[in-house]
Amino acid sequence: MVWLNMPKKDLPKSYNPADYEDEIYAQWEKSGFFNPDNLTGEPYSIMMPPPNVTGVLHLGHALENSLMDITARYQRMNGKKVLLAPGTDHAAVATQAKVEKLLVAEGMKNPRQELGREKLLEKIREYAEASKATILSQIKKMGTSCDWSRLAYTFDEPRNKAVNEVFIRMYNDGLVYRGHRVVNWSVKGQSTSSDDELIYMERPAKLWTFKYSKDFPLAIASTRPETKLGDTAVAVNPKDKRYKKYIGQIFTADVGAAKPLRLKVIADPAVDMNFGTGAIGVTPAHSAVDFLMYEKQKAQGQPIDLIQVISQDGKMTAAAGQDYAGLTAEQAREKFVAWLKENDLLVKEEDITQSVGTSDRFGDVVEALPMTQWFVDVNKKIPARGASLKEMIKQAIVKGHHNDAKQKIDITPERFEKVVLNWLDNLHDWCISRQIWWGHRIPVYYRRQEISNISGFARSGRARQYPISNEMQNANADANAEEILVSAEKPEGGGWEQDPDTLDTWFSSGMWTFSTLGGPEKSPLPPPVKGGKSDLKTFHPSNWMQMGYEIIFLWMVRMILMSTYALDQIPFKDVYIHGMLRDQSGKKFSKSSGNNIDPLEVIKQYGSDALRFSLVSGISPGNDSRFYAEKVEGARNLVNKLWNVARYIITNFSGYARSGEARQFSILNFQLNAEKLTLADKWILDKLEKLISGVTDDLDNFRFSQAGEKLRVFTWDDLADWYLEISKFEQGKNEILYFILESLLKLWHPFMPFVTEAIWRELGKEKLLMAEKWADITPPTPLYKGGSEQFELIKDVVAAIRNARSVYKIEPNQKIKAVICSGKRVKLIEEQSELIKKLRTGIEELEIENTGEKVEQAIYLTVSGVEIYLAVPGFDFKAEADRLAREIKVQTERIKSLSARLANKEFTSKAPANIVKAEKDKLDLYKSELGKLKEQRSSLK
RNA sequence: GGAUAGUUAGCUCAAUGGUAGAGCACUGCGCUUACAUCGCAGGGGUUGCAGGUUCGAGUCCUGCACUGUCCACCA
């Protein structure tokens with residue numbers, strides 16, 4: 001070991017992040033360690049949830065980057081071949097909606113009409129690219145150690161290939177189908193949404209109860225009377241005695257629609273007899289629920305009609321009748337209610353609270369409309385998997401894919417498993433086609449003209465063309481006139497038009513874990529991932545995924561769906577669900593509340609490390625947490641504390657030689673001079689060992705907050721407040737201090753990569769800290785064992801003396817004389833007398849005795865059986881007597897409750913022996929202390 | 001309607017069933033040459049309420065009350 005006395009370094013008094021961060025990040029990038037190709041070891045992969053290219057990085061992203069980067073850096077230091085794959089999401093609807101809004105703000109009335117498809121797409125692309133660049137630079141600011149060479153985008157060429165491939169496979173498996181069904185339609189956005197994209201909002205509404213006509217036997221209630229123009233049935237509960245006689249009957253009523261309504265009374269157990277009149281007007285075209293009844297009736301061979309009275313532009317159709325056609329739904333409603341009143345059909349009008357689904361991106365209340373759209377069948381059994389998509393998702397989180405426990409996805413916290421299962425129970429087929437333009441175009445082509453030979457499509461060239469099956473053809477009555485071809489590329493021959501629709505953004509992001517790695521491979525199902533060492537083979541399934549609970553349904557389950565289907569693998573082994581960040585008062589961050597915090601501003605003010613630490617401390621999985629300036633300030637102070645711990649060590653102790661030699665230093669060196677270790681050394685090494693194992697265990701189990709807390713306590717309370725103070729007078733701590741500092745920097749690195757790397761460089765290291773091996777005390781050695789408890793006693797003695805000084809308001813520079821009677825521990829106290837004197841107890845003269853004489857005119861303290869007399873000038877007799885009396889009272893209380901417990905035979909016989917013994921020992925101690933206190937009290941004259 | 005999380009010091013949060021802890025804020029003292037982005041000391045809690053299980057409950061069970069969130073075929 002070569003030690004040099006290096007000249008004292010001129011480190012700044014406080015750490016200024018801006019002086020280091022960009023430069024250090026550049027150095028990391030240049031080192032190549034972000035790229036797993038330059039690492040060895042077991043693969044470990046995390047696919048970064050791709051931020052939407054709709055704007056800038058927000059605090060939620062900052063939290064996610066922190067969590068991912070902590071895990072990535074920890075695993076990398078643990079010798080894993082770590083891939084943290086970055087990317088962005090084109091966020092179909094979100095991005096188009098945003099750009100359209102901007103264009104409208106610039107004065108355009110209807111961007112889609114005015115610009116047309118290609119020009120609008122060009123505008124969106126420009127915006128997306130700019131936004132992407134911003135976001136990527138912000139991710140770097142967070143210190144995220146991702147492999148930029150593998151940067152992916154959900155809307156780039158490789159990802160588009162994956163999307164087409166999976167769509168086509170699903171189509172061939174009959175999972176993707178085109179159907180005419182009621183969907184959620186945003187009039188404002190002129191597009192569909194899936195059920196999971198709706199945001200439900202409570203709003204006041206009116207509920208009207210009325211009859212269709214004077215002689216109609218039942219009254220019904222509705223909040224949307226205008227849709228009643230399209231009613232084709234009335235549903236009642238089959239058990240409802242009031243209405244049983246009407247079931248099966250058909251009534252007609254003229255309510256002003258184009259044709260008089262033909263209303264069949266049908267029975268459906270879903271109808272609640274006790275709600276309203278117990279009868280529901282069924283509008284199959286404008287209610288998802290009613291549409292289900294319609295389908296049920298059809299399946300039972302007793303079809304009812306479907307009449308669409310509201311069109312895609314939100315206005316009433318011709319079918320609604322002359323008086324209504326062309327009116328908005330609201331206008332039609334007023335008119336209809338007025339008509340009811342005029343004709344004395346209105347029974348009741350009441351105010352209720354209603355929950356309505358709104359489009360998450362366009363904000364308007366969605367209309368239920370019957371339309372021809374593309375869907376994913378979640379219930380159909382897939383031959384190659386022996387299960388439906390729904391069943392596979394369930395299996396993957398409950399027992400494991402294919403019932404293989406090794407392929408079970410573990411969700412942290414576990415409770416979300418139940419949430420997903422509940423959601424799965426209510427899952428309907430997934431509507432995947434969108435009428436917006438920004439997104440993956442549906443790989444389907446149509447041709448109007450007759451075809452002579454439906455099965456005759458050649459698999460020509462590279463294009464994989466699949467004729468539509470007869471079964472599908474029949475299933476899609478609407479599409480009968482068309483020839484349909486599902487293909488990634490435009491088929492040869494004239495007349496083919498591609499489906500104008502695009503795919504739900506989650507269809508592509510569902511493939512994220514493998515589309516980023518080049519999957520799925522082009523092989524027919526089942527697609528075993530075999531062959532060469534592709535990224536897909538190396539890194540899939542990914543090891544860890546994190547996300548907020550708000551996208552569990554939208555994203556997590558879709559990834560499971562896509563991965564189990566396309567790869568026959570789970571997408572990730574562990575998924576960590578984090579909560580939402582809220583402001584100091586518990587409100588969500590949002591533009592409208594004006595409480596948004598820009599992470600970059602926080603970084604500018606406090607540094608990236610402080611931001612990271614403040615985000616992950618005090619959080620628990622699945623629960624929301626609050627974020628506010630004081631928290632970041634605290635983190636900044638901690639970063640600065642660490643800096644100063646290092647500064648103190650570097651400036652006052654000689655460091656390592658700047659040699660290229662491998663560092664030989666380890667705990668083994670201590671073993672050679674074990675006898676040289678002081679009590680404090682043993683104590684801090686014991687603490688360090690516990691810290692390393694504790695932090696390691698926490699990080700292995702994704703307990704980020706707890707790991708950070710342990711590190712904070714060690715750094716600040718143990719190391720800075722005690723050990724460094726001791727190092728100011730105990731000699732020979734070079735090795736130990738550097739060993740602790742190095743270990744500590746490694747442990748802190750995942751949390752605070754910048755400051756730790758900056759200090760590491762100040763230590764003269766050539767290798768980057770990020771590529772160092774994780775902290776370790778090897779081999780575990782008993783050499784410092786037993787020191788901890790003894791040192792804790794010394795700490796208690798010191799604290800008791802300081803306390804007494806403070807309570808008695810003894811001037812800080814007033815030196816005092818002390819006598820310590822320590823019984824059996826006289827040797828320990830003797831050995832540590834320097835410690836006791838120099839740890840700011842102000843003791844000038846210290847006498848240590850076995851069992852001492854009473855010291856007159858002195859403050860008396862007892863600490864774990866050690867008696868301390870402090871002789872102070874101006875001893876206050878009365879104050880001391882009072883204080884002793886209080887102590888005696890407290891001690892008596894303690895003894896009373898302890899004695900009671902120990903007198904209880906149930907306790908002594910049933911409680912574990914070690915606990916009983918501990919309680920007995922405590923009682924003995926208290927009793928002896930009480931005796932001494934009483935003696936002291938009575939000796940005061 | 002169902003589910004789920006939470007309710008602990010003024011605030012934000014911790015506590016494998018074994019006498020309740022930390023940070024911030026507060027009080028007193030202190031420029032002790034790593035750090036005032038600091039140090040030392042201190043005050044402050046019947047753990048939402050009511051029962052139960054247990055030798056022992058913040059922790060397990062039941063009910064209730066608030067708060068939040070999710071789901072549902074809320075006509």
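The values are calculated or read from the model by the stated rules, or taken from the named source; none is laboratory data. Note that the coordinates shown come from a computational prediction; the quantities given were computed from them, not determined experimentally. Reconstructed Cβ throughout: ideal geometry from the backbone, glycine too, with neighbour counts over all protein chains shown. What goes into the accessible areas is simple: the full protein's heavy atoms, side chains included, and nothing from ligands, DNA or RNA. Shrake-Rupley method; radii C 1.70, N 1.55, O 1.52, S 1.80 Å.
The table that follows gives values for the structure above.
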{"read-out": "Centre separation in Å (Cα based) which lies between the stretch A:623-638 and the stretch A:877-941", "value": "42 Å"}
{"read-out": "Largest-first principal axis extents of the Cα set of the stretch A:343-418 (Å)", "value": "67, 34, 29"}
{"read-out": "Full-stretch length increase - A:A720, A:K827 - with 0.36 nm per residue and alpha-carbon distance subtracted", "value": "35.8 nm"}
{"read-out": "Amide N proximity, the stretch A:826-858 versus A:D921 label position 7 Å along Cα-to-Cβ, cut-off under 19 Å", "value": "A:826-829"}
{"read-out": "Protection proxy ranking of A:894-907, A:602-615, A:367-380 - average other beta-carbon atoms within 10 Å, highest first", "value": "A:602-615, A:367-380, A:894-907"}
{"read-out": "Angle in degrees between helix A:787-807 and the longest Cα principal axis of chain A, rounded to the nearest 10", "value": "80 degrees"}
{"read-out": "When the stretch A:51-190 is reduced to its Cα atoms, the Kirkwood hydrodynamic radius in Å", "value": "17.9 Å"}
{"read-out": "Contour excess over end-to-end distance, with Cα ends at A:V807 and A:D598 and 0.36 nm allotted per residue", "value": "70.6 nm"}
{"read-out": "Two-decimal ratio, the stretch A:859-941, of alpha-carbon radius of gyration to 2.2 N^0.38 Å", "value": "1.34"}
{"read-out": "Extension gain, A:S939 back to A:V890 (0.36 nm per residue minus Cα-Cα distance, nm)", "value": "15.7 nm"}
{"read-out": "Relative pair counts by distance (%), Cα atoms of the stretch A:722-773, 5 Å bins", "value": "4, 19, 28, 20, 15, 10, 4"}
{"read-out": "Carbon and sulfur %, accessible surface of chain A computed with the full protein complex present, 1.4 Å", "value": "50 percent"}
{"read-out": "Protection proxy ranking of A:193-199, A:405-411, A:437-443 - average other beta-carbon atoms within 10 Å, highest first", "value": "A:437-443, A:193-199, A:405-411"}
{"read-out": "Taking all pairs of distinct alpha-carbon atoms in chain A, Kirkwood radius in angstrom", "value": "33.7 Å"}
{"read-out": "Chain A - accessible surface per residue (Å², probe 1.4 Å)", "value": "45 Å²"}
{"read-out": "Within chain A: Cβ-based charge dipole about Cα centre, in debye rounded to nearest 20 (Lys, Arg +1; Asp, Glu -1)", "value": "1360 debye"}
{"read-out": "Inter-label distance for A:E675 and A:R262, nm, one decimal - labels placed 7 Å from Cα along Cα-to-Cβ", "value": "10.8 nm"}
{"read-out": "Inverse mean reciprocal Cα-Cα distance (Kirkwood Rh) of the stretch A:269-382, Å", "value": "16.9 Å"}
{"read-out": "Solvent-free Debye scattering, log10 I(q)/I(0), computed from the Cα coordinates of the stretch A:166-321 at q = 0.16, 0.19, 0.20 Å⁻¹", "value": "-0.98, -1.28, -1.37"}
